[in-house]
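Just below is one structure, and these are the notes that go with it.
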Amino acid sequence: MAWVFNQDRTYHVPSIPLKGDFETYLAGIDKKQRHEIRRKMRRAEESGRAVRWYIVEDGASLEAEVQASWN
């Protein structure tokens, strides 16, 4: 009996459908959540790793954007 190994690369990309822009979203959540998001963004920037975020306006191009972000 032979063993079979399969390895699949999976991508988990968090997304939040926003009404308006990111600042409008932040204004619509409570102070504690807003603080946590800003803290995590600041820590990511301070980590020394290449971190960037941007908004994909066209849902049809989302998959291509995800693929491009891993290259």
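Table for the structure above
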{"item": "Solvent-accessible area, 1.4 Å probe, carbon plus sulfur percent, for the chain", "result": "53 percent"}
{"item": "Extension gain from GLN7 to ALA64, taking 0.36 nm per residue of separation minus the Cα-Cα distance", "result": "18.4 nm"}
{"item": "Surface accessible to a 1.4 Å probe, per residue, for the residues of the chain, Å²", "result": "99 Å²"}
{"item": "Expected-Rg normalisation [2.2 N^0.38 Å, Cα atoms] applied to the chain", "result": "1.54"}
{"item": "Listed residues ILE16, SER47, MET1: farthest to the positive end of the dipole of the chain (Cβ charges)", "result": "SER47"}
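The values are calculated or read from the model by the stated rules, or taken from the named source; none is laboratory data. Note that the structure is predicted; figures quoted are calculated from it, not measured. So basically every Cβ, Gly included, is an ideal-geometry build from the backbone, and we count neighbours across all protein chains shown. Quick note on the areas: whole protein, heavy atoms, side chains included, nothing else; ligands and nucleic acids left out. Shrake-Rupley method; radii C 1.70, N 1.55, O 1.52, S 1.80 Å.
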